[in-house]
1. Is it the case that K233 is modelled with pLDDT of 80 or more and in contact with an Asp or Glu (Cβ under 8 Å, 6 or more places away or on another chain)?
2. Since F122 meets every condition but one in (1) closer than 27 Å to E139 by Cβ; (2) in contact with a strand residue (DSSP E or B) (Cβ under 6 Å, 6 or more places away or on another chain), which condition does it not meet?
3. If I ask for residues that are closer than 15 Å to L57 by Cα and more than 33 Å from the chain's Cα centre (by Cα), which ones from the range 100-126 would you list?
4. Would you pick out the residues in the range 86-116 that are out of contact with any Leu (no Cβ under 7 Å at 6 or more places or on another chain), within 27 Å of G54 (Cα to Cα) and among the hydrophobic types (A, V, I, L, M, F, W, C)?
5. Are there any pairs with C-beta distances below 8 angstrom linking a residue in the range 100-119 that is more than 26 Å from D68 (Cβ to Cβ) to a residue that is at pLDDT 85 or above and of a type in the set (G, A, S), with the two at least 6 apart or on different chains, and if so which?
6. If you take the residues in the range 145-164 that are modelled with pLDDT of 90 or more and in a strand (DSSP E or B), which one is surrounded by the most Cβ atoms within 10 Å (Cβ to Cβ)?
7. Of all residues in the range 67-114 being in contact with a Gly (Cβ under 7 Å, 6 or more places away or on another chain) and either in a strand (DSSP E or B) or among the hydrophobic types (A, V, I, L, M, F, W, C) (or both), which is surrounded by the most Cβ atoms within 10 Å (Cβ to Cβ)?
8. Checking P134 against (1) surrounded by fewer than 14 Cβ atoms within 10 Å (Cβ to Cβ); (2) outside any strand (DSSP E or B); (3) within 47 Å of the chain's Cα centre (by Cα): exactly one of these is not met. Which one?
Amino acid sequence: MSNIANSYFGQLALQARLAQRVRVLVFGVLALLTTANAGPQFEISQSTSQLRAGQTLEIDIEVTWEGDATQCLMGEMKCELPADIERLDAQPASSEFSITAGKPKSTYKYQSFFRPLKAGEFELDKIEVQFKLPTTKPEEWETWTPKSPVKLTVSRAFELSSGITTTLAVIGGIFALVLAVFGITVWHFKKATKIKKEVDIETPFLERLDDLRSLRIKGDFKDFFAQLGILLKEYVKQKYGLKSDSDFVITETLDKHTDPTLAKRIREVLELAENVRFGGTPPLPTELDRAHRAARDLLELNRPQKTPEQEIKLRER
């Protein structure tokens, strides 16, 4: 009786083990078929859609599928380009294997670089990737192409957008206006400084010349001509930065910087002053007047034109 029971339970255990093996085999086959039927998924991306001529565009194609690398054999990435776009060296394709949620996953990545040579609108619509599945015939390749073309807007190498151009134009206008105002301010400042310096030169000599009137009225022609000669030489020397006040240097300088007629009159005054100094013929009263007038004409001619403010001040005096 015990032998029969043992035989019965042994058969039950054997049947249970066979059933377990069948279930594992069925699930394994189903999993294999599911993995084999899962095709690769393609995703394409581009680094930018707007760039300048001469810049570089990067296009990446990432392929993923469930299973190990043997489930999908990747081939070549092909691309027919327009004449104005060149393809640079492509990076070697990279592959990666991982386990996600208990399922094997393979990733394959293509990375290529392109350079537009001129401005324009472009469409890269002839991109394809070759691959083989376990069901593909040995002599054939499967192909994938993007659903929509890769679009590019290429501007000139140094072309600026309208917004940037407007901003630069405004900044340039403001800068030009600032420069103009600065230039006018500097010009007025230099002019005012120059007028001030020139007034400081002529005014003292004119005042000294006015003081000689008393000598002329008294008839003291020797002292009159002596001081007038000294005044003229000192003025010309200071006016033109001379190192010497000799008659030759003074007359030569007047010939260079003064009207010829006036220079001749001043030269005659200096000659008359020398003649009186060394006891020559006494000058006539008209000669004193002419000498005084010539000296005044020289100073007034070189005296800068007074500003309205200076004229008002002189009148108030």
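The values are calculated or read from the model by the stated rules, or taken from the named source; none is laboratory data. Bear in mind that the values here come from a model prediction, so they are computed numbers and not experimental data. Here the Cβ positions follow ideal geometry from the backbone for every residue, glycine too, while neighbour counts run over all protein chains shown.
1. Values: modelled with pLDDT of 80 or more: yes; in contact with an Asp or Glu (Cβ under 8 Å, 6 or more places away or on another chain): yes.
Criteria met by K233.
2. It is condition (1) that F122 fails.
3. First, the residues of the range 100-126 that are closer than 15 Å to L57 by Cα: 110-124.
Of everything in the range 100-126, those that are closer than 15 Å to L57 by Cα and more than 33 Å from the chain's Cα centre (by Cα) turn out to be Y110, Q111, S112, E123, L124.
4. Correct list: L88, A90, A93.
5. Short answer, once both residue conditions are applied: R115/G54; P116/A53; P116/G54; L117/A53; L117/G54; K118/A53; A119/A53; A119/S155.
6. So the residue we want is V154.
7. Out of the qualifying residues, it is S106.
8. If we test P134 against (1) surrounded by fewer than 14 Cβ atoms within 10 Å (Cβ to Cβ); (2) outside any strand (DSSP E or B); (3) within 47 Å of the chain's Cα centre (by Cα), just (3) comes out false.
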